Amino acid sequence: MTPLSPPGNEPPEARVTIRDVARLAGVGIKTVSRVINGEPNVSEHTAVRVRQAITQLRWEPDIRARNLRRADGRTHTIGLLLGSVSNPFAAEMHRAIEDVAANRGYAVLASSHDDDPAREGTAMAAILGRRVDGVILMPIAASQAYLQTDIDRGLTVVCVDREPSGALIPSIRSDARVAASVATRHLIRRGHHRIALLHDDENIWTARERRYGYLDAMRFAGLEIDESLIVGGLSTPELSGAASDRLMRIQDPPTALVCGNNLITIGAVRTLQRLSLQHDIALVGIDDFDTADLIAPPITVVAQRPSQIGRLAADQLFAMIDGTLPRSGPPISVPTDLIERGSGEIGPGSSD
């Protein structure tokens, strides 16, 4: 690509304007506006030239001025704050939200808090500073009360995957309690009594709910609950793998594992393979992942529907922005699917 040439001989202290960007990129002012607002009908080649010009000139659009120039006062951008974009579950949800937004001519400003409660507030403040028309949030902080004033002033927010606290925000999520109960009952029906639960930090709504679901199933079956078989705070495959190793070495080890999310499942599977126990210990994971059917034995999962959650959240957000839905409402629960592949169908004492 031919390098862009400076637009003129303005003095260094001159304020860069949208006209300078348009002249440097060789396009009209309206085209620059379409690119920065994420609007359709601009070729990728042209969009690249505009972004290059913006970078070269270090131009920062005046968000307030753009809002005033729009008849509807909108920026045609939405914010998206997820746990970690590296997690396949979050990535699939992200893609679905972007697809819905693109069809509406909206750009998505995405960020992640890495399940750090302190980062939720700072990341949200940065997103709201861009004057977005709405936000989709995967909450991690103990309370989202800090958003209520903005919501009362017209901010549109939808939560995904987890229930909010302290603010009137609708949510789209799976029923985490039911998902864990389904996984546990599946193992009980195969004859297992010593069932371990590996889950995430209980400060996370889904982790708490999955623990409740596991306990529901064990109690309903009249089985003894051994607290030593419930291990939380497992935020990475490495932590899950280490916890699985410890469980396999106790005097009366579990014959089956319920894994609270896909990363926990991956860590547990690696440990079972290393100990040559993958065909002896039953395992059901919550959340599916790409290679689950390629592992020996293939991994039985209670699969969530992240794409459906993302689409529903985006549809609800835009309906709220358009005024066709109220800004608060009951949570919407998306079904989960038990997928039997082999690991969850191993019976106790299979190695005998």
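Points worth noting:
- Spatial extent of segment 198-240: Rg and Dmax, with the Cα atoms as the point set, Å: 11.1, 33
- Column: log10 I(q)/I(0), Debye, Cα scatterers of segment 18-61, q = 0.15, 0.17, 0.33 Å⁻¹: -0.27, -0.35, -1.36
- Average accessible area per residue (Å²) across segment 261-352 - probe 1.4 Å, nucleic acids and ligands excluded: 43
- Helical mean residue ellipticity (222 nm; -39500 (n - 2.57) per DSSP H run of 4+; nearest 500) of the chain: -12500 deg cm²/dmol
- Diagonalising the gyration tensor over the Cα atoms of segment 176-304 and scaling each eigenvalue by 5 before taking the square root yields semi-axes of 19, 16, 15 Å, largest first.
- Cα centre as origin, Lys/Arg/Asp/Glu Cβ charges: segment 57-196 dipole, Debye: 260
- Other-chain or far-sequence residues with amide H under 5 Å of ALA110's (modelled H): LEU80
- Cubic angstrom per residue, convex hull over Cα atoms of the chain: 164
- Length added when fully stretched, ASP114-ASN41, from 0.36 nm per residue minus Cα-Cα: 22.8 nm
- Longest stretch of the chain clear of exposed loop sites (trypsin sites (Lys or Arg not before Pro), DSSP loop, at most 11 other Cβ atoms within 10 Å, sites excluded): 250-352.
- Only one residue of ALA313, THR291, GLN273 has its Cα farthest out toward the positive end of the dipole of segment 273-352, where Lys and Arg carry +1 and Asp and Glu -1 on Cβ, and that residue is ALA313.
- Each Lys and Arg contributes +1 and each Asp and Glu -1, all at the Cβ; summed about the Cα centre of the chain, the dipole is approximately 1260 debye.
- Looking at the chain alone, DSSP beta bridges between its own residues are antiparallel in about 10 percent of cases.
- Mean shadow area of segment 103-217 over all directions, Cα convex hull, nm²: 8.9
- Each Lys and Arg Cβ is given +1 and each Asp and Glu Cβ -1; about its Cα centre, segment 128-250 then shows a dipole of about 320 debye.
The values are calculated or read from the model by the stated rules, or taken from the named source; none is laboratory data. Just so you know, these numbers come straight off a predicted model, no measurement behind them. Ideal geometry is used to build each Cβ from the backbone, glycine not excepted, and the neighbour counts take in all protein chains shown. Heads up: the accessible areas ignore ligands, DNA and RNA and are worked out on the full protein's heavy atoms, side chains in. Shrake-Rupley method; radii C 1.70, N 1.55, O 1.52, S 1.80 Å.
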